[in-house]
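Just below is one structure, and these are the notes that go with it.
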Amino acid sequence: MQHYTLDLIPGDGIGKEVAPAAARCMDAVAEQHGFQLTWRVRDWGSDRYLRDGHMMPKNGLAELATGDGIFLGAVGHPDIEDHVTLWGLLIPIRRAFDQYLNIRPMRVLPGIEPRVTRNAEIDMVVVRENVEGEYSEVGGRAYSGTPYEMAFQQALFTRRGVSRVAEYAAELAAGRRGLVTSATKSNGLIHSMPFWDEVVAEVVGRYPVRLESVLIDALAARAVLAPNSLDVVVASNLFGDILSDLIAATAGSIGIAPSANVNPDRSKPSMFEPVHGTAPDIVGKNLANPVGALWAGAMLLEHIGERGAAGQLQSAYEGVLGDGIRTRDLGGSASTDEFVSEVLLRLG
Ligand code: GGG
């Protein structure tokens, strides 16, 4: 029997509710398809930080390196500064394993009415650069406690970094509707974004696809008002993060959005997570939407080569939605557990 070792990091907040629930559904579909998932459950996250000052153990990355994939819930805690939690767990994993692609698909799922444009046919993918750009450790603070206090943060864009996401976006678009929309801000950011535009144009120009470069402010408005005009969006780390949340909300709820942090050469594990955060306002209330985690789980299964199982899992949660069973963020009344039970029922 084929066997995969996966690391499950529920993390914080509603991550602890949706990630284990999605893992149960993945187990059920694995059984149907004759393979086995062995989960190494990691109690890494903010509770650990509050106990011993670290989000994960010192050898945490080395432990993850031996697995076939990572499944993450959410990261963040109301009593800890967000940069401490994110840079203590999520971002080191992305960087250590060179997960330079952050793939965030969005579609209108069955039974869900898009928020702004009625009947909008949203079917697009945000390809976000995931290890450089605006998320940079280069910077600092000085003169604290004085009127001259300052902070600076240096964005970092490399030809290699921009080229490889642009290549992936162009290849993806070539197999879809053939449009790459590049998110830029080259009117305001005088060095980094003109460079981004140049490299993206050079790379995408080698593929049989159309390229348009759109200022991020105009693109944000278009994502809300005409989301069906977008196919593949390629974006820097920060722009891609913001835009993908916006598009998910437009398609119904940020709770349905998945995120795949991928190392395409597979020399190191990739990581899959729902886009949403920890949602402290609904923690422990059985209200969290598990669809983002389930969709991320399906992407993980596809990544490890279990395409049939990924499809069946996807059909199961889409079937539940199609039958009108929805959590509160989508206007329904189902609890997390009720939704997951319905998915499990459909997985036999
Ligand atoms: N699902 C993981 C999570 O907690 N995401 C929240 C977040 O703020 N992520 C930042 C990022 O993707 O860069």
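The values are calculated or read from the model by the stated rules, or taken from the named source; none is laboratory data. The model shown is predicted, which means the values in this text are computed figures rather than measured ones. FYI the Cβ positions are ideal-geometry reconstructions off the backbone, even for glycines, and counts take in every protein chain you see. Heads up: the accessible areas ignore ligands, DNA and RNA and are worked out on the full protein's heavy atoms, side chains in. Shrake-Rupley method; radii C 1.70, N 1.55, O 1.52, S 1.80 Å.
Any idea which residue in the range 233-269 is nearest to residue 94 (Cα to Cα), counting only those that are of a type in the set (Ser, Thr, Tyr) and crowded, with 24+ Cβ neighbours inside 10 Å?
Going residue by residue through the range 233-269, those that are of a type in the set (Ser, Thr, Tyr) are 236, 244, 250, 253, 259, 267.
If we keep only those that are crowded, with 24+ Cβ neighbours inside 10 Å too, we end up with 236, 244, 259.
On the way: 236: 15, 244: 18, 259: 12 Å.
By that ranking, first place goes to 259.
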- prompt: Could you list, in sequence order, the residues of the range 180-203 that are of a type in the set (A, V, I, L, M, F, W, C) and touching a helix residue (DSSP H, G or I) at 6+ places or on another chain (Cβ under 6 Å)?
  reply: 180, 183, 196, 199, 200, 203
task: Return the residue satisfying two criteria in turn: it lies in the range 144-180 and is of a type in the set (S, T, N, Q) and closer than 19 Å to residue 132 by Cα, and of such residues it is most open to solvent (accessible area, probe 1.4 Å).
output: 153
Of the criteria (1) in contact (Cβ under 8 Å) with a residue 40 or more places away in the chain; (2) under 17 Å from residue 125 (Cβ atoms), which one residue 212 fails: (1)
message: Need the failing condition index for residue 241 against (1) closer than 17 Å to residue 106 by Cβ; (2) assigned by TED's automatic domain parsing to the domain that holds residue 214; (3) in contact with a Gly (Cβ under 9 Å, 6 or more places away or on another chain), just the number.
response: (3)
message: Against the definition (open to solvent by 30 Å² or more (accessible area, probe 1.4 Å) and either touching a helix residue (DSSP H, G or I) at 6+ places or on another chain (Cβ under 7 Å) or without any contact (Cβ under 8 Å) to a residue 12 or more places away in the chain (or both)), how does residue 230 come out, yes or no?
response: no
- prompt: Restricting attention to the range 100-121, does a residue exist that is within 19 Å of the chain's Cα centre (by Cα), open to solvent by less than 20 Å² (accessible area, probe 1.4 Å) and away from the ligand (no atom under 16 Å from the Cβ)?
  reply: yes
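Scanning for something at positive phi and either open to solvent by 40 Å² or more (accessible area, probe 1.4 Å) or assigned by TED's automatic domain parsing to the domain that holds residue 197 (or both), does the range 273-287 turn up at least one residue? Break it down stepwise before answering.
To start, the set of residues in the range 273-287 that are at positive phi comprises 279, 284, 286.
Next, only the ones that are either open to solvent by 40 Å² or more (accessible area, probe 1.4 Å) or assigned by TED's automatic domain parsing to the domain that holds residue 197 (or both) stay: 284, 286.
Taking every residue of the range 273-287 in turn, at least one turns out to be at positive phi and either open to solvent by 40 Å² or more (accessible area, probe 1.4 Å) or assigned by TED's automatic domain parsing to the domain that holds residue 197 (or both).
Restricting to the range 309-320, count the residues that are of a type outside the set (Gly, Ala, Ser) and either part of a loop (DSSP other than H, G, I, E, B) or surrounded by fewer than 23 Cβ atoms within 10 Å (Cβ to Cβ) (or both). Walk me through it before giving the result.
Keep residues of the range 309-320 that are of a type outside the set (Gly, Ala, Ser), which gives 312-314, 317-318, 320.
Still in the list and also either part of a loop (DSSP other than H, G, I, E, B) or surrounded by fewer than 23 Cβ atoms within 10 Å (Cβ to Cβ) (or both): 312, 314, 318.
Selection size over the range 309-320: 3.
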task: Kindly provide the set of residues from the range 2-17 that are more than 25 Å from residue 268 (Cβ to Cβ) and of a type in the set (A, V, I, L, M), ordered by number.
output: 14
task: Go through 229, 267 for me and flag whichever is away from the ligand (no atom under 16 Å from the Cβ) and outside the structural domain of residue 166 (by TED's automatic domain parsing).
output: 267
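Every residue, every condition in (1) surrounded by fewer than 22 Cβ atoms within 10 Å (Cβ to Cβ); (2) more than 25 Å from residue 111 (Cα to Cα); (3) of a type outside the set (D, E, K, R); (4) modelled with pLDDT under 95, yes or no:
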position: 182; (1), (2), (3), (4): no, yes, yes, no
position: 197; (1), (2), (3), (4): yes, yes, no, no
position: 217; (1), (2), (3), (4): yes, yes, no, no
position: 292; (1), (2), (3), (4): no, no, yes, no
statement: Scanning the range 2-37 for residues that are surrounded by fewer than 18 Cβ atoms within 10 Å (Cβ to Cβ) and on the phi > 0 side of the Ramachandran plot gives 34
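For the range 270-282, which residues satisfy the criterion of being within 13 Å of the ligand (Cβ to nearest atom), touching a helix residue (DSSP H, G or I) at 6+ places or on another chain (Cβ under 8 Å) and either over 19 Å from residue 89 (Cβ atoms) or in a loop (DSSP other than H, G, I, E, B) (or both)? If you could, list the steps in order and put the result at the bottom.
Within the range 270-282, the subset within 13 Å of the ligand (Cβ to nearest atom) is 271-280.
Next cut, touching a helix residue (DSSP H, G or I) at 6+ places or on another chain (Cβ under 8 Å) only: 271-276, 278.
Residues satisfying the conditions are 275, 276, 278.
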- prompt: When residues of the range 38-82 are filtered for being open to solvent by 30 Å² or more (accessible area, probe 1.4 Å) and touching a Phe, Trp or Tyr at 6+ places or on another chain (Cβ under 6 Å), how many remain?
  reply: 1
field: Any hit, the range 323-346, residues being in contact with a Cys (Cβ under 8 Å, 6 or more places away or on another chain), open to solvent by less than 40 Å² (accessible area, probe 1.4 Å) and away from the ligand (no atom under 16 Å from the Cβ)
entry: yes
